[in-house]
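Readers should treat all values here as calculations from the given coordinates under stated rules, not as data from a laboratory. Keep in mind that what you see is a predicted model, and the values were worked out from it rather than measured. Ideal geometry is used to build each Cβ from the backbone, glycine not excepted, and the neighbour counts take in all protein chains shown.
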């Protein structure tokens with residue numbers, strides 16, 4: 001009969017806040033992508049130039065909203 005070595009589980013210490021309470025950590029939910037403001041700005045700029053090239057009317061706010069929707073996958 002062969003003996004196997006037991007592995008010891010080492011746990012990381014819990015993270016605490018400045019007041020000594022245990023900090024809660026959030027796990028990122030898979031599938032929900034949150035673009036940075038810079039990414040949204042670049043996409044809105046791209047949408048703006050395409051809209052102007054087509055001769056369509058619109059506002060920067062509309063371009064920003066469309067960019068957010070496209071990047072977040074709504």
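Figures for the structure shown
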read-out: Simple spin-label estimate for residue 59 and residue 41 in nanometres, 7 Å along Cα-Cβ; value: 2.1 nm
read-out: Ordering of 59-68, 32-41 by packing [mean C-beta count within 10 Å, highest first]; value: 59-68, 32-41
